[in-house]
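Worksheet for the structure shown next.
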Amino acid sequence: MKLRKVTAASAVLLALSVAATACGGDKDDKGSGGGKTITIGIKFDQPGIGQKTPQGYAGLDVDVATYVAKKLGYNEDQIEWKESKSADRETMLQRGDVDFIAASYSITPERQKLVDFAGPYLLAHQDVLVRADDASIKSAQDLNKARLCSVTGSTSAQNVKERLAPKAQLQKYPTYSACLTGLQNKAIDALTTDDSILAGYASQSQFKGKFKLGGLKLTNENYGIGVKKGSDLKDKINKALESMVSDGSWQKAVDKNLGPAGYKNEPAPKIGEIKS
């Protein structure tokens, strides 16, 4: 009897051990399709970049992330999308809430101390958006005579005012959509943030043809894909990004999501090449 009891208990322990190992394999074996799903962080509120819509998820970052996930062995229906707000991105990666993040995520020395980055996959620039019929803003200096809008908490407008156009009349609105309405109504003269984000907003059907990018290239913003520090996903994602560029999928994604606003993208950056 004692022998049978010990044997039964051992069998239970062995079964639990095998089950735990299997579950661990599902979670950790990313990059070979070993898991049932992959969790990806994106923005939910940036048209053209990352947006949650009634029809699903759309934007350049969504297309890039979907392509990468497929190369890692995951179909689109195996992707779990999670909102990654700017202030939460490093924490989400460190906690393991997501496998990787593609969310207009600029690579900076400060962020590289906390997480690793694959890419970059897009070289964006801080720029301004103006009305399509406005020819008064051709340089950063012209902003000294302008009413300049950005969202509360953004550093973009402050960067212009402190470094480039100290006499600009800085106005902060709660959202980019509010800035666009103010721009359309001539309450402001220009909206500033990354050109990719501006192009995404201006590409919305209700705004097509009403705005244009200034093309000022005030800063360099190297968009990368964030992963947990030390993750082996970094190299796998880099290979996927190289493939996306070489087979033409990258340019198609840029044109589809940002092209309607007249966005003239930089050539696809080389992996590991960060322009300051």
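When you scan segment 29-39, do you find a residue that is at pLDDT 95 or above and either buried (at least 20 other Cβ atoms within 10 Å of the Cβ) or farther than 23 Å from S243 by Cβ (or both), even just one?
The answer is yes, given that some residue of segment 29-39 is at pLDDT 95 or above and either buried (at least 20 other Cβ atoms within 10 Å of the Cβ) or farther than 23 Å from S243 by Cβ (or both).
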- Note on D195: of the conditions (1) of a type outside the set (S, T, Y); (2) at pLDDT 95 or above; (3) under 19 Å from the mean Cα position of the chain (by Cα); (4) over 20 Å from S139 (Cα atoms), unmet is (4)
- Note on the structure: Quick count over segment 63-106, residues being without any contact (Cβ under 8 Å) to a residue 40 or more places away in the chain, of a type outside the set (G, A, S) and either under 15 Å from G224 (Cα atoms) or open to solvent by less than 40 Å² (accessible area, probe 1.4 Å) (or both), is 1
- Please work out which one of (1) under 21 Å from A124 (Cβ atoms); (2) open to solvent by 20 Å² or more (accessible area, probe 1.4 Å) is the condition L191 fails and give its number. (2)
- Q141 versus (1) closer than 30 Å to D99 by Cα; (2) without any contact (Cβ under 8 Å) to a residue 60 or more places away in the chain: which is the lone unmet condition? (1)
- Please work out which residue is modelled with the lowest pLDDT, limiting yourself to segment 255-274 and to residues that are outside any helix (DSSP H, G or I) and open to solvent by 70 Å² or more (accessible area, probe 1.4 Å). K264
- Message: I'm told Q206 meets every condition in (1) farther than 30 Å from E110 by Cα; (2) open to solvent by 10 Å² or more (accessible area, probe 1.4 Å); (3) under 20 Å from the mean Cα position of the chain (by Cα) except one. Can you identify the failing condition by its number?
- Response: (3)
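Considering only residues of segment 107-119 that are of a type outside the set (S, T, Y) and assigned to a loop (DSSP other than H, G, I, E, B), which is surrounded by the fewest Cβ atoms within 10 Å (Cβ to Cβ)?
K113
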- Query: Of (1) open to solvent by 70 Å² or more (accessible area, probe 1.4 Å); (2) farther than 13 Å from A118 by Cα, K228 satisfies all except one. Which?
  - Reply: (2)
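Across segment 90-134, what is the total count of residues that are more than 24 Å from S203 (Cβ to Cβ) and touching a strand residue (DSSP E or B) at 6+ places or on another chain (Cβ under 8 Å)?
Taking segment 90-134 as the starting set, the residues that turn out to be more than 24 Å from S203 (Cβ to Cβ) are 90-100, 107-118.
Those still in the list that are touching a strand residue (DSSP E or B) at 6+ places or on another chain (Cβ under 8 Å) too: 90, 92-93, 97-100, 107, 111, 115-118.
Going through segment 90-134 one residue at a time, the tally reaches 13.
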- Message: So, K186, is that one at pLDDT 95 or above, open to solvent by 50 Å² or more (accessible area, probe 1.4 Å), under 22 Å from A103 (Cα atoms) and not β-branched (V, I, T) or not?
- Response: no
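The values are calculated or read from the model by the stated rules, or taken from the named source; none is laboratory data. Just so you know, these numbers come straight off a predicted model, no measurement behind them. Positions of Cβ are backbone-derived with ideal geometry, glycine not excepted, and every protein chain shown enters the neighbour counts. In case anyone asks, the SASA skips ligands and DNA or RNA and just uses the protein heavy atoms, side chains included. Shrake-Rupley method; radii C 1.70, N 1.55, O 1.52, S 1.80 Å.
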